[in-house]
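As structure tokens, the structure follows; a few thoughts come after it.
The values are calculated or read from the model by the stated rules, or taken from the named source; none is laboratory data. Being a predicted model, the structure only gives us computed values, none of them experimental. Don't worry about glycine lacking a Cβ; one is built from the backbone with ideal geometry, like all the others, and counts go over all protein chains shown. When the accessible area is computed, the model is the full protein with side chains, heavy atoms only, and any ligands, DNA or RNA have been set aside. Shrake-Rupley method; radii C 1.70, N 1.55, O 1.52, S 1.80 Å.
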Amino acid sequence: MDLKELESVARSLVAQGKGILAADESSPTIEKRFRGIDLPSTEENRRAYRELLFTTPGISEFISGVILFDETIRQKARDGTPLPALLSRAGIIPGIKVDTGAKPLAGFPGEKITEGLSGLRERLSGYRELGARFAKWRAVIAIGDGIPTPFCLKANAHALARYAALCQEAGLVPIVEPEVLMDGPHTVERCEEVTTAALSLVFSGLLEHRVALEGTLLKPNMVLSGKECPVQAGVGAVAEATVRTLRRVVPSAVPGIVFLSGGQTPEQATGHLSAMNALGGHPWELSFSYGRALQDPVLKAWKGSPANAAAAQRVFYHRSKCNGAARFGRYTKEMEATAA
Ligand code: 13P
């Protein structure tokens, strides 16, 4: 492991004004997204869609890295260029999702454990050969009656730490993603409590497993009210609660925190990030690694038709630019009105 290289990749991923595009939807997830625009999920449609995103003119101003799915990292652009090479040439770092999904945790109804550790060492070296320089593993924590249990948090933190150590051994920056879901009627206070517990176990796990935090990125949820909670915390309250939680549990050796969007609207995800950066004085970069919040409007503009490709790329450029502004705490609602 070359820590200097890991550190340099981690820092490039959270470079000023830039963030990550999560385009690593698994086959069932991309099928669900395509269903929303009445498009069959064929291999060619998936390839064409990812090529549209990655070839958006000027996108490397705001996008530092892209998380790919196993199928995508092996696909080629129409001109024959492998998609990871296409990204690298544009100055965008290719990454790869390496977990194999969250499965029911045996004996713990309603809870999940993320799988994918077996054979991971070999898969990681294969992905590095294909051009990946960072990886992602997502753990899923649900809030409900009596859950999460301390055991579920511990089991997921352990898997994340095993994954992160193997990534660093293979020369890949691990993005460690413990996602506390926003589904349910829970309050913002409950989300803060669960997020604090989940993150503190994740960081003790990483230290136990001798993971170098300088070459690691954290991908957490924001501290939000549950979707069905009758009282919804406003932008300022979310920003304060999220930053307070992170300051309590995330060591300053971590170069950057790249939020997931988790079901927030694109404008909410951008607004929250901007409000946090406007608070200023953070020991880490606060950035984005959005899937839906960057892509939902693009899919709606594209609808699977080549005739809409340029318009869809303009939508992607606009959302990325808004999130780029949020990196400096400078996003405003007016920016939406000036969309192409
Ligand atoms: P969302 O931003 O849609 O939550 O996706 C991010 C991601 O990569 C989840 O693993």
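Quick rundown of the values:
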| read-out | value |
| --- | --- |
| Hits in region 84-140 - residues which are charged (D, E, K, R), touching a Phe, Trp or Tyr at 6+ places or on another chain (Cβ under 9 Å) and not in a strand (DSSP E or B) | Asp99, Glu111 |
| Checklist (1) outside any helix (DSSP H, G or I); (2) on the phi < 0 side of the Ramachandran plot applied to Arg46, failing item | (1) |
| Residue list for region 157-182, restricted to those being part of a helix (DSSP H, G or I), open to solvent by less than 10 Å² (accessible area, probe 1.4 Å) and of a type outside the set (A, V, I, L, M, F, W, C) | Tyr163, Gln168 |
| Which listed residue is more than 16 Å from the chain's Cα centre (by Cα), in a loop (DSSP other than H, G, I, E, B), within 23 Å of Arg138 (Cβ to Cβ) and small (Gly, Ala, Ser), from Ala253, Ala233 | Ala253 |
| Evaluation of Thr195 against (1) farther than 30 Å from Ser125 by Cα; (2) out of contact with any helix residue (DSSP H, G or I) (no Cβ under 6 Å at 6 or more places or on another chain); (3) without any contact (Cβ under 8 Å) to a residue 60 or more places away in the chain (one fails), failing number | (2) |
| Residues (within 16 Å of the ligand (Cβ to nearest atom), farther than 18 Å from Glu25 by Cα and of a type in the set (Gly, Ala, Ser)) located in region 277-323 | Ser287, Ser320 |
| Which numbered condition Gln268 misses (of (1) in contact (Cβ under 8 Å) with a residue 40 or more places away in the chain; (2) over 26 Å from Pro57 (Cβ atoms); (3) surrounded by fewer than 19 Cβ atoms within 10 Å (Cβ to Cβ)) | (1) |
| Pairs, first within 16 Å of the ligand (Cβ to nearest atom) and at pLDDT 95 or above in region 125-154, second among the aromatic types (Phe, Trp, Tyr) and not in a loop (DSSP other than H, G, I, E, B), C-beta under 8 Å, six or more apart | Ala135/Tyr127; Ala135/Tyr163; Trp137/Tyr163 |
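Residue by residue, here is whether (1) more than 28 Å from Thr245 (Cα to Cα); (2) assigned to a loop (DSSP other than H, G, I, E, B) holds:
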residue: Gly281; (1), (2): no, yes
residue: Leu299; (1), (2): yes, no
residue: Gly304; (1), (2): yes, yes
residue: Ala311; (1), (2): yes, no
residue: Val315; (1), (2): yes, no
residue: Gly324; (1), (2): no, no
residue: Phe328; (1), (2): no, yes
